[in-house]
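Visitor: I'd like to ask you about the structure that follows.
Just so it is clear, none of the values below were taken in a lab; they were calculated from the coordinates. The structure presented is a predicted model; accordingly, all values stated were derived computationally and were not measured.
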Amino acid sequence: MNIKSMIRTIVDWPHPPVRFRDVSSLLRHPEGFAAAMDMFADHYRSKPIDFVAGLDARGFIPASVLAYVLRKPMIMVRKKGKLPGETIHAEYQLEYGQSILEIHTDAAPKGANVLLMDDLIATGGTLCAAVTLFEKIGCHVTDVGAIVNLTELSGARRLEAMGVSVYALTEFNESE
């Protein structure tokens, strides 16, 4: 099944010249979404993963499905102020400013292997911040999975430079 063909591109959103890769079109395609989740499950089933973590908010979707299929606990990596209880945070750069991610201090035990999921990999800023959060609590993000990798923005390379394996179902470049 051609997952890439099910992801629509919205030109000039949220502003020119951005070509936004919208995974909501894949989510509206039951067979395509099921195929995508099966591809992730097949890829990660034999890996030594203890927890599946999803980035706020679209990363929660594939993370929760994989946590269910793989029978692993799920961790939510949230934007600042969204988690109750004791948290730790990491700041990261956005195109126009900074933002903050948080996880619970007891999200996973020291030494746990974490699979981190998001809808897409762009510059890698958010995902790299999440990797740093898990390192702070003594965990190891072994893998990052995403539906889309925006190759020209080099986020996957940044993650790989941190020692993280990256798996994306599709790749787009600026001209597509």
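Visitor: Take every Cα pair under 8 Å in the chain that's 6+ residues apart, average their separations, divide by the length, and report that relative contact order as a whole percent. If you can, show how the numbers build up before the last one.
Guide: Details: 347 pairs, mean separation 31.2, N = 176.
Answer for the chain is 18 percent.
Visitor: Give a residue-ordered list of calculated ³J(HN,Hα) values for the range 97-111 (Karplus: 6.51 cos²θ - 1.76 cosθ + 1.60, θ = phi - 60°; whole Hz; x for Gly, Pro).
Guide: Result, ordered by residue: x, 10, 9, 9, 10, 9, 9, 5, 5, 9, 4, 7, x, 3, x Hz.
Visitor: Quick check on the chain: helices-only [θ] at 222 nm, where DSSP H runs of length 4 and up contribute -39,500 (n - 2.57) each and the sum goes over total residues. Nearest 500, please.
Guide: -8000 deg cm²/dmol
Visitor: Which entries in K47/K80; K4/K136; K4/K80; K72/K136; K79/K136 show an alpha-carbon gap greater than 25 Å?
Guide: Checking Cα-Cα distances, K47/K80; K4/K136; K4/K80 exceed 25 Å.
Visitor: Report the extension gain between F20 and E152 in nm, rounded to one decimal, defined as 0.36 nm multiplied by the number of residues separating them, less their alpha carbon distance.
Guide: 46.2 nm
Visitor: Based on alpha-carbon atoms only, what is the radius of gyration of the chain relative to the globular estimate 2.2 N^0.38 Å?
Guide: Here the answer is 0.99, to two decimals.
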